[in-house]
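The values are calculated or read from the model by the stated rules, or taken from the named source; none is laboratory data. None of these values were measured; they are calculated from a predicted model. A quick note on method: Cβ atoms are made from the backbone with ideal geometry, for glycine too, and the neighbour counts reach across all protein chains shown. Heavy atoms of the whole protein, side chains included, go into the accessibility calculation; ligands, DNA and RNA do not. Shrake-Rupley method; radii C 1.70, N 1.55, O 1.52, S 1.80 Å.
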Amino acid sequence: MPSNKSVSDAAITQFINCRILRDHRLQRDDLWVREGKVLDPEKLFFDEKGYADKRVDCEGSIIAPGFIDVQINGGYGIDFSQASDDVSTGVSFVAKKILQHGVTSFCPTLVTSPPAVYHKVLPQIKVSDGGEHGAGVLGFHLEGPFISVEKKGAHPEQFLRTFQSGGIEDLMETYGGLDNIAMVTLAPELGGSQSVVKELCQRGITVSLGHSVANLSQAEEAVHHGASFITHLFNAMLPFHHRDPGIVGLLTSDQIPAGRTVYYGMIADGIHTNPAALRIAHRAHPSGLVLVTDAITAMGLPPGRHTLGQQVIEIQGLHAYVAGTKTLCGSIATMDMCVRHFKHASGCSVEEALEAASLHPAKLLGVSHRKGTLDYGSDADLVLLDDALNVEATFISGEEVWRKGP
């Protein structure tokens, strides 16, 4: 038992024989957890005279903060953009399945849909903590429908919208409300979009730029109004051009306000982004790179036809296309796969690869005081990995929620 009852009766778990990702480097140290939080062992030893009730031998594994996926459309046959009376069952099913890939928190993502779908789906899912039942929900990511027709990608054109009544009223009319929304992807060149960016940011909702033909100055203006993310960099935007680099130019723009970081999503599945393009982005702006899966309903399913929102999609090998076309429509990659591919393709360090799936998305969403790090006081959401970055076990609030079989 902990010796000092005046502090807490709660059991203390000590993770031993591990390398902990802390302060941007892997450190040989023990990790102490109580009541779901990472403990400062000095305070424990010297102030409380406490000690561990339970030890977990990590056998030399790496302990990293749990992965956070800010763009995932579904998986395992579930499509978050399909309206039903029981959306929560599908979200919970995916939340449970992604534990094996080291994901401890995520943003269920809805692609462009008719208002009726948002009105039906959004009220059914609340921000919630993770646990044995599955990864925690940090809020929805709404990708569309306020995006560019020219860069719609796999989004159905008939449901795209523009800002008619001057902004936030259009959002309310389309989405039905803004509760439990973490992020909105929009095209900053749409008329009226800048006031929407400002309003969303004032409400604590992250604004991402994507599916857009914006030039660099339009993108910079959106950043000045609070936008802080780029949805799947290079995909569904104007290609880099030396006279006007477009949204991609934000990575090296000198117009970013002091103290602000623009983050960018990268689908590191080996299909959406050529390794050379991935290396260019990483070398230009390493601290902004956020790994996303952009996984669709077919993640974890066999080849063939499946649905994504209002579209039929076809899986051929590792590619997911809008059926009958060669338009990519999301990936079937898992987050641990993306971490491994990113490290291999970019030549980055283990620490950088892990932080791109944990610290960076946490900072983007403004939750790095509790997620994405193993600092004292943070949530004890952990992933144990071998040296090849294969997931061995996943913990949420210090409790084991998944472990690889023998």
* **Rule-of-thumb Rg ratio for the stretch 66-365 [Cα; 2.2 N^0.38 Å; N residues]** => 0.91
* Asked: Nearest 10 degrees, 0 to 90: what angle lies between the long axis of helix 335-346 and the longest principal axis of the chain (Cα atoms)?
  -> 80 degrees
* Structure fact -> With x for Gly and Pro, the residue-by-residue ³J(HN,Hα) of the stretch 364-374, computed from phi through the Karplus equation 6.51 cos²θ - 1.76 cosθ + 1.60 at θ = phi - 60° and given in whole Hz, is 3, 8, x, 10, 6, 6, 9, 10, x, 9, 10
* Asked: Long-range amide H contacts for LEU308: which residues qualify at under 5 Å (H placed 1.01 Å from N, peptide plane, sequence gap of 5 or more or a different chain)?
  -> ILE313
* **Antiparallel content of DSSP bridges confined to the chain, in %, to 5** => 55 percent
* **Amide H partners (placed H, <5 Å) of ARG55, local residues excluded** => GLN14
* Summing -39500 (n - 2.57) over the DSSP H runs of n ≥ 4 in the chain and dividing by its residue number, what mean residue ellipticity at 222 nm do you reach, to the nearest 500 deg cm²/dmol? -> -5500 deg cm²/dmol
* Where the accessible area of the stretch 66-365 is counted over protein heavy atoms with a 1.4 Å probe, how much of it, in %, is carbon and sulfur? -> 51 percent
* Contact order relative to length of the stretch 66-365, as percent, for alpha carbon pairs under 8 angstrom and 6 or more apart -> 19 percent
* Please work out the FRET efficiency for the pair ALA10 and LYS404, using the Cβ-Cβ distance as r and a Förster radius of 35 Å; give the result to the nearest 0.05. => 0.80
* Asked: Between LYS126 and ASN390, what length comes free when the chain is fully extended (0.36 nm per residue of separation minus the Cα-Cα distance, one decimal in nm)?
  -> 92.0 nm
* Asked: To the nearest Å, what is the center-to-center distance of the stretch 105-159 and the stretch 225-239, using C-alpha atoms only?
  -> 17 Å
* Structure fact -> Row for the stretch 141-234, column shape: gyration tensor on C-alpha, a ≥ b ≥ c, rounded if a/c < 1.5 i.e. under 1.5, prolate if a/b over b/c, else oblate; value rounded
* To do: Please find, in a Gaussian network model of the chain (springs between Cα atoms separated by less than 10 Å), the residue of VAL70, VAL322, VAL290 whose mean-square fluctuation is greatest.
  => VAL322
* Which of LYS151/LYS371; LYS96/LYS371; LYS37/LYS126 have a Cα-Cα distance over 25 Å? -> LYS151/LYS371
* Structure fact -> Here the stretch 285-292 yields Karplus 3J(HN,Hα) values (6.51, -1.76, 1.60; θ = phi - 60°; whole Hz; Gly and Pro given as x) of 7, x, 6, x, 6, 10, 6, 10
* Cα-based radius of gyration of the stretch 192-277 once divided by 2.2 N^0.38 Å, which approximates compact folds -> 1.07
* Find the all-direction average of the projected area of the Cα convex hull for the stretch 252-311, expressing the result in square nanometres with one decimal place. => 6.1 nm²
* Structure fact -> Cα-based Rg then Dmax for the stretch 125-188, in Å, read 14.2, 44
* Anchor LYS198: lysines whose Cα lies under 22 Å away (excluding residues fewer than 8 positions away in-chain) -> LYS363
* To do: Starting from the amide H of TYR263, placed 1.01 Å from N in the peptide plane, find each other amide H under 5 Å away whose residue is 5 or more places distant or on another chain.
  => PHE229, ILE230
* Asked: Distance in nm between label sites at GLU42 and ALA276, each 7 Å beyond Cα in the beta-carbon direction?
  -> 5.0 nm
* Roughly what % of DSSP beta bridges within the stretch 1-144 run antiparallel, to the nearest 5? -> 50 percent
* Asked: Per residue, what accessible area does the chain have, given a 1.4 Å probe and all protein chains present, in Å²?
  -> 40 Å²
